[in-house]
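Here's the structure we're looking at; comments come further down.
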Amino acid sequence: MGSAKQNASARRARAEEMRRAEAARERRNRIIAVVAGVVVLAGMVGGGWAIIASASKDDNSASSKPPKARVQGEKTYGGLTFKHVSHSVKYPQSPPVGGDHDPVWQNCNGDVYDKPLRNENAVHALEHGSVWVTYNSKAGKADIKTLADMVKQKPYSLMSPFPSQSGVITLSAWGHQLTVDSAKDPRVNQFFKWYVNGEQTREKGAACTGGKPTP
């Protein structure tokens with residue numbers, strides 16, 4: 001009788017021990033599964049950020065090197081940023097050749113303006129592939145008319161006075177700029193040829209209409 005009770009008690013103790021061991025194994029398995037999931041997720045996220053960082057680095061690297069000059073005497077600029085901003089931007093070049101700019105572009109479908117433009121809108125037009133022709137008070141009326149006639153016949157171009165510029169006549173594209181003293185300079189046509197919707201265009205196919213129509 002006593003032996004039977006002892007055996008029953010031993011069986012219960014053994015069963016309880018097995019139950020606790022099984023519960024412990026289940027807890028360990030759950031912990032392992034959770035940790036493994038976290039590691040995999042972290043790897044995916046880390047890999048994703050690595051890809052994004054790599055792409056960003058590649059993009060920055062592509063824009064940091066000054067582009068190749070195609071016209072004798074032109075200056076080229078790399079490292080141009082291109083964020084859309086609503087505030088005024090202090091550009092290192094005058095007129096500017098690129099950089100952060102207004103979300104709205106200046107119309108550049110052969111548009112000729114008789115007043116200075118807001119830089120931030122004009123720079124957005126450069127991003128679309130336009131050539132921006134500017135001149136100061138030293139430019140003669142004949143040169144201004146010649147340039148205006150050229151611009152009016154060229155989509156992806158625009159023209160405006162820029163009183164503070166140092167050169168008489170300046171042609172600007174994204175990352176490129178040429179200064180001349182006369183509209184008859186053969187390099188004017190060369191600049192148009194290379195940079196009107198040229199290889200420097202950041203947004204190929206972007207519109208030059210539907211933007212800001214007035215200075």
Test each condition in (1) out of contact with any Leu (no Cβ under 8 Å at 6 or more places or on another chain); (2) not in a helix (DSSP H, G or I) for Leu147 and report the one that comes out false.
(2)
In the range 68-103, which residues are under 13 Å from the mean Cα position of the chain (by Cα) and either of a type in the set (S, T, N, Q) or within 17 Å of Gln165 (Cα to Cα) (or both)?
Thr81, Gly98
Only residues that are polar (S, T, N, Q) and farther than 19 Å from Pro92 by Cα: list them for the range 160-188, please.
Ser160, Ser182
Does any residue of the range 182-189 turn out to be crowded, with 19+ Cβ neighbours inside 10 Å, in the same structural domain as Gly79 (by TED's automatic domain parsing), of a type in the set (Val, Ile, Thr) and touching a residue at least 12 places away in the same chain (Cβ under 8 Å)?
yes
Please determine whether any residue of the range 159-171 is within 19 Å of the chain's Cα centre (by Cα), surrounded by 17 or more Cβ atoms within 10 Å (Cβ to Cβ) and either touching a residue at least 40 places away in the same chain (Cβ under 8 Å) or in a loop (DSSP other than H, G, I, E, B) (or both).
no
Leu117, sole failed condition from (1) outside any loop (DSSP other than H, G, I, E, B); (2) in contact (Cβ under 8 Å) with a residue 60 or more places away in the chain:
(1)
Filter the range 172-215 down to the residues that are more than 28 Å from the chain's Cα centre (by Cα) and either closer than 15 Å to Gly129 by Cα or of a type in the set (Ser, Thr, Tyr) (or both) and list them by number.
Ser182
On the given criteria, is Gly129 at pLDDT 95 or above, under 17 Å from Trp194 (Cα atoms) and out of contact with any Ser or Thr (no Cβ under 6 Å at 6 or more places or on another chain)?
no
Name every residue in the range 183-208 that is in contact with a strand residue (DSSP E or B) (Cβ under 7 Å, 6 or more places away or on another chain) and under 14 Å from Gly73 (Cα atoms), in order of residue number.
Arg187, Val188, Phe191
Of the candidates Val123, Val133, the one satisfying the condition of being closer than 20 Å to Lys204 by Cβ and either assigned to a strand (DSSP E or B) or within 17 Å of the chain's Cα centre (by Cα) (or both) is Val123
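The values are calculated or read from the model by the stated rules, or taken from the named source; none is laboratory data. These figures come from a predicted structure and were not determined experimentally. A quick note on method: Cβ atoms are made from the backbone with ideal geometry, for glycine too, and the neighbour counts reach across all protein chains shown.
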